[in-house]
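Notes for the one structure printed next.
The values are calculated or read from the model by the stated rules, or taken from the named source; none is laboratory data. Small disclaimer: the values here were computed from a predicted structure and weren't measured. Neighbour counts are summed over all protein chains in view; Cβ atoms, including those assigned to glycine, are modelled from backbone coordinates with ideal geometry. Ligands, DNA and RNA are stripped out before the accessible areas are found, and what is left, the full protein with its side chains, is counted by its heavy atoms. Shrake-Rupley method; radii C 1.70, N 1.55, O 1.52, S 1.80 Å.
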Amino acid sequence: METSKTVTMHLDRVTASHIRGTHIATGLTIAGHILLVEQIYDEKRHRPFLHVHRIHDQWRNTIIIAQEDVEFSYVESFSDGRILLVASRCDDDVDGSWLPNAFIYDQVGHLIDSYCLDDGIQNVQVDERDHIWVSYFDEGVFADAATNSVGSFGLVAFNDQGKVVFKNRDYPIDDCYAMNVSSANDVWFFYYSDYRIVQLQGGTSQAFHAPKRPFTDFAIYKDYLVSTDNTQTHVLQQQGKRYVEQGRMSFMSEQDERLSGTIKMRKNQIVLTTDTRLYTGKLNDLSFRTV
């Protein structure tokens, strides 16, 4: 496949995914459930509320949460159904300490815990052990280095009480562009400035050289890796210790309408959020039939 060639992947419209309010965040859980957060103004109570939808097997369950004075960027879920909402940035308190940017809610929308996961968060994913994997962009890495915060490690895992259980000590991360937590023992990330894709697996790691192009999400299937910056999506294929670009990928609906929007990826799953609804699909052999 020539690098100028584009393959097309059809995505299915997600049942019960119509967006009525302002889209806040989309997430993918370790179990493959889709999480959608939208802000809807309650006319009777004269204030906005967050509606957190869990969508799986054509069913949609909704938790309504009173709007915090926080700009959330990420949504995740623990194995018992608790919801995690995280803001990318932290505000500091009057004493100079960080205020919470991670908030945990029970299944009826009550706030049950909050803590700080440090400033400058690029991505958040929870594994099957309820460990919270957090990657940081450059402002978080270097600002946290000055304050001896854990964000300076570029990639950190916390337990569900906010205590650190893992710090990256092997790779010089200036900016952790993207992350894919396939399981607690299979964690992938892509970092700058080395432009390497790293797989952490069973206590060991291996690194692959990648094209010098930033991307924010990626999906993995066999020796293929599909990366996106939400503007362009590329197909890479593993060749030895390197991922080599094979071409581009575009997305179409079941009605052959071209799709564009915000893209989230995890494991081999892709979720595309448009202004009005969600579309999803999983990479398989047919996704690369022209490669």
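Taking only pairs six or more apart or across chains, which ones have beta-carbon atoms under 9 Å, a first residue in segment 129-144 that is in a helix (DSSP H, G or I), and a second residue that is β-branched (Val, Ile, Thr) and modelled with pLDDT of 95 or more?
140/121; 141/173
Hey, residue 170 hits all of (1) assigned to a loop (DSSP other than H, G, I, E, B); (2) in contact (Cβ under 8 Å) with a residue 40 or more places away in the chain but one; which does it fall short on?
Looking at each condition in turn, residue 170 falls short on (2).
For residue 136, all conditions in the list (1) open to solvent by less than 10 Å² (accessible area, probe 1.4 Å); (2) in contact with a Ser or Thr (Cβ under 7 Å, 6 or more places away or on another chain) hold save one; what is the number of the exception?
(2)
For segment 36-60, how many residues are among the polar types (S, T, N, Q) and closer than 21 Å to residue 86 by Cα?
Residues in segment 36-60 being among the polar types (S, T, N, Q) and closer than 21 Å to residue 86 by Cα: 1 in total.
Test residue 220 against the stated conditions and say whether it is at pLDDT 95 or above and open to solvent by less than 20 Å² (accessible area, probe 1.4 Å).
On the way: at pLDDT 95 or above: yes; open to solvent by less than 20 Å² (accessible area, probe 1.4 Å): no.
Answer is no for this residue.
Write out, first by first residue and then by second, each pair whose Cβ atoms fall under 9 Å of each other, whose residues are 6+ apart or on separate chains, and whose first residue, in segment 99-114, is within 14 Å of residue 78 (Cα to Cα) while the second is open to solvent by 10 Å² or more (accessible area, probe 1.4 Å) and among the polar types (S, T, N, Q).
102/114; 103/114; 104/114; 107/61; 113/161
Output the residue which, of all residues in segment 223-250 that are of a type in the set (Gly, Ala, Ser) and surrounded by fewer than 16 Cβ atoms within 10 Å (Cβ to Cβ), is nearest to the chain's Cα centre (by Cα).
So in segment 223-250, the residues of a type in the set (Gly, Ala, Ser) come out as 227, 240, 247, 250.
Those left that are additionally surrounded by fewer than 16 Cβ atoms within 10 Å (Cβ to Cβ): 240, 250.
On the way: 240: 27, 250: 20 Å.
So the residue we want is 250.
On the given criteria, is residue 108 closer than 15 Å to residue 24 by Cα and either part of a loop (DSSP other than H, G, I, E, B) or open to solvent by 10 Å² or more (accessible area, probe 1.4 Å) (or both)?
Values: closer than 15 Å to residue 24 by Cα: no; either part of a loop (DSSP other than H, G, I, E, B) or open to solvent by 10 Å² or more (accessible area, probe 1.4 Å) (or both): yes.
No: the conditions fail for residue 108.
Would you point out the residue of segment 52-71, among those that are assigned to a strand (DSSP E or B) and under 19 Å from the mean Cα position of the chain (by Cα), that is farthest from residue 281 (Cα to Cα)?
Initially, segment 52-71 is screened for residues assigned to a strand (DSSP E or B), giving 52-56, 59-66.
Remaining after also requiring under 19 Å from the mean Cα position of the chain (by Cα): 52-56.
Values: 52: 21, 53: 19, 54: 17, 55: 14, 56: 13 Å.
For segment 52-71, the residue satisfying everything is 52.
Within segment 1-47, how many residues turn out to be hydroxyl-bearing (Ser, Thr, Tyr) and part of a strand (DSSP E or B)? Working first, answer last.
First, the residues of segment 1-47 that are hydroxyl-bearing (Ser, Thr, Tyr): 3-4, 6, 8, 15, 17, 22, 26, 29, 41.
Among the residues that remain, those that are also part of a strand (DSSP E or B) are: 6, 8, 22, 26, 41.
Selection size over segment 1-47: 5.
Residue check, residue 157 against (1) closer than 18 Å to residue 237 by Cα; (2) under 17 Å from the mean Cα position of the chain (by Cα), all met but one. Which one?
(1)
What residue, of 137, 49, 78, is modelled with pLDDT of 95 or more, out of contact with any His (no Cβ under 7 Å at 6 or more places or on another chain), over 26 Å from residue 176 (Cβ atoms) and among the aromatic types (Phe, Trp, Tyr)? Full working, then the answer.
Working: 137 fails: over 26 Å from residue 176 (Cβ atoms); 78 fails: over 26 Å from residue 176 (Cβ atoms).
One residue alone meets the criteria, 49.
Given the criteria more than 29 Å from residue 65 (Cα to Cα), more than 19 Å from the chain's Cα centre (by Cα), surrounded by fewer than 21 Cβ atoms within 10 Å (Cβ to Cβ) and not aromatic (Phe, Trp, Tyr), does residue 170 qualify? Let's see the steps before the verdict.
On the way: more than 29 Å from residue 65 (Cα to Cα): yes; more than 19 Å from the chain's Cα centre (by Cα): yes; surrounded by fewer than 21 Cβ atoms within 10 Å (Cβ to Cβ): yes; not aromatic (Phe, Trp, Tyr): yes.
Against the criterion (more than 29 Å from residue 65 (Cα to Cα), more than 19 Å from the chain's Cα centre (by Cα), surrounded by fewer than 21 Cβ atoms within 10 Å (Cβ to Cβ) and not aromatic (Phe, Trp, Tyr)), residue 170 qualifies.
Residue by residue through segment 81-97, note down the ones that are of a type outside the set (Lys, Arg), at negative phi and touching a residue at least 24 places away in the same chain (Cβ under 8 Å).
From segment 81-97, those of a type outside the set (Lys, Arg) are 81, 83-88, 90-97; that's our starting set.
From the residues that got through so far, the ones that are at negative phi too are 83-88, 90-95, 97.
Hits for segment 81-97 are 83, 84, 85, 86, 87, 88, 90.
Can you confirm whether segment 20-29 contains a residue that is of a type in the set (Val, Ile, Thr), under 20 Å from the mean Cα position of the chain (by Cα) and open to solvent by 40 Å² or more (accessible area, probe 1.4 Å)?
Yes; the residues of segment 20-29 include at least one that is of a type in the set (Val, Ile, Thr), under 20 Å from the mean Cα position of the chain (by Cα) and open to solvent by 40 Å² or more (accessible area, probe 1.4 Å).
Output the number of residues of segment 178-219 satisfying the condition of being closer than 17 Å to residue 154 by Cα and either of a type in the set (Ser, Thr, Tyr) or in a loop (DSSP other than H, G, I, E, B) (or both).
Residues in segment 178-219 being closer than 17 Å to residue 154 by Cα and either of a type in the set (Ser, Thr, Tyr) or in a loop (DSSP other than H, G, I, E, B) (or both): 9 in total.
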